[in-house]
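J.: Take a look at this one; I'll ask things after.
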Ligand code: SF4
């Protein structure tokens, strides 16, 4: 299948989808540093921790505490899953999920052709960051 993708300026549709933003330990370190907090203070304020995973606590009116009307307020330090979207294994490895994701992501089908090898490398990065999600 042809993989074309170019994120569209001003769009935040992926950030508005129902779901959780999971964070690896490194994601927490990077985001905490970006907002000038210690990882422990950042976790206490923003993270919900289960036995195996960490995710952002969801504000009542949006999916992510760092999503503002003009986009991601921690963009340079955003979590791996936000950076790797839409090249998540469950999306990129199946034509039907890639096409279904294109219904809300206007960047799919635009821009340069992405080499399948590059897309799979990004998918692997996603798998490595969240081993519990891909057991
Ligand atoms: S939905 Fe697609 S185009 Fe829009 S911000 Fe997310 S990745 Fe970019």
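Since every read-out is calculated from the coordinates, none of them should be taken as a lab result. Every value quoted in this text rests on a predicted model; they were computed, and no experiment measured them. When we count neighbours, we look across all protein chains shown, and the Cβ atoms used for this are built from the backbone with ideal geometry, even at glycine.
J.: May I ask for the distance between the Cα centers of the range 98-112 and the range 53-74, given as a whole number of Å?
T.: 22 Å
J.: What's the exposure ranking of 1, 37, going from fewest to most Cβ atoms within 10 Å?
T.: Least to most surrounded, the residues fall as 1, 37.
J.: Please give, to one decimal in nm, the separation of the simple spin-label points placed at residue 6 and residue 41, each 7 Å out from Cα toward the Cβ.
T.: Those two pseudo-labels are separated by 4.2 nm.
J.: What is the extension gain from residue 128 to residue 95, computed as 0.36 nm multiplied by their sequence separation minus the C-alpha to C-alpha distance, in nm to one decimal?
T.: 9.7 nm
J.: Next question, about the same structure. Before rounding to the nearest 500, sum -39500 (n - 2.57) across all DSSP H runs of length at least 4 in the chain and divide by the residue total; then give [θ] at 222 nm in deg cm²/dmol.
T.: -10000 deg cm²/dmol
J.: So, in nm, how far is label residue 60 from label residue 116 when the simple model puts each one 7 Å beyond its Cα toward the Cβ?
T.: Distance between label points: 4.9 nm.
J.: Where does each of 72, 82 land when they are ranked from fewest to most other beta-carbon atoms within 10 angstrom?
T.: 72, 82
J.: For the pair residue 104 and residue 50, what calculated FRET efficiency results from E = 1/(1 + (r/R0)^6), where r is the Cβ-Cβ distance and R0 = 35 Å, to the nearest 0.05?
T.: 0.85
J.: Shifting gears a bit: Can you give the extra length, in nm with one decimal, that the chain gains between residue 29 and residue 75 once fully stretched, where that is 0.36 nm per residue apart less the Cα-Cα distance?
T.: Here the answer is 15.1 nm.
J.: Now for a separate question. Let me know the whole percent of all Cα-Cα pairs from the chain that are separated by more than 19 Å.
T.: Percentage above 19 Å: 52.
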